[in-house]
Amino acid sequence: MKTPSTSLIHILIGKSILETIFVGALAVLTFINILPPYFHGWSEVTNTGISGWVVNDAAPWDRVEVQLFVDGKFVASGVANESRPDVMAAGWSKDERHGYMFPMTSLNTGWHEARVYALHASGDARRKSLQLVGDPTSFSIDTNRRVSRTGPR
């Protein structure tokens, strides 16, 4: 068996390096196009439900669709388009219309966990993904239908 020449080995190594760079570039482009942009936001408990704000850092003037899950089950969907001047004042967005509010009217009394997700469509809206906004929020509903973060757990 004949040993390959040194120049052939160098050509094959160069080809392998170029293929690795090409595959890496494809992976980065796929990641950027398929996975959601970075959403920033927060949820909080109010007397009547869960409210908060969310901003798409890639397009801080856009309105973001949000979905509420309570105890792991889908509860509601909406658009973060309510006034939150504090978000604009803090420099997170280009305008103040990034707030949302989900009233808690149909849940049983007791403790619950809410998670708010930003919905992102990619690939001409053929693919949709959810990104958690802030941290999960624990809350309770008392017999008078008041929502609260305090009380025994």
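The values are calculated or read from the model by the stated rules, or taken from the named source; none is laboratory data. All figures in this text were calculated on a predicted structure; none of them were measured in a lab. Note that each Cβ is placed from the backbone with ideal geometry, even for glycine, and that neighbours are counted across all protein chains shown. The accessibility values were calculated without ligands, DNA or RNA, using every heavy atom of the protein model including side chains. Shrake-Rupley method; radii C 1.70, N 1.55, O 1.52, S 1.80 Å.
Between Ala27 and Asp95, what's the calculated FRET efficiency when r is the beta-carbon distance and R0 is 35 Å? Round to 0.05.
Values: r = 35 Å, r/R0 = 1.00.
FRET efficiency, Ala27 to Asp95: 0.50.
Rolling a 1.4 Å probe over the heavy atoms of the protein chains gives the stretch 12-153 an accessible area of 60 Å² per residue. All Cα-Cα distances of the stretch 101-153, cut into 5 Å bins from zero to the largest, leave 5, 17, 22, 17, 13, 10, 7, 6, 3, 1 percent in each bin in turn.
Close amide H pairs (under 5 Å, H built 1.01 Å from N) link Thr46 with Ser51, residues at least 5 positions away or on another chain. Helical content alone sets the calculated 222 nm signal of the chain at -7500 deg cm²/dmol, taking -39,500 (n - 2.57) per DSSP H segment of four or more residues and averaging over every residue.
At a 1.4 Å probe, what is the % contribution of carbon and sulfur to the accessible area of the chain?
Here carbon and sulfur together make up 59 percent of the probe-accessible area.
Modelled spin labels at Thr20 and Arg149, positioned 7 Å past Cα toward Cβ, are 4.9 nm from each other. Across the stretch 7-153, C-alpha contacts under 8 Å between residues 6 or more apart give a mean separation that, scaled by the residue count, equals a relative contact order of 24 percent.
Between the stretch 1-30 and the stretch 87-116, the C-alpha centres lie 51 angstrom from each other.
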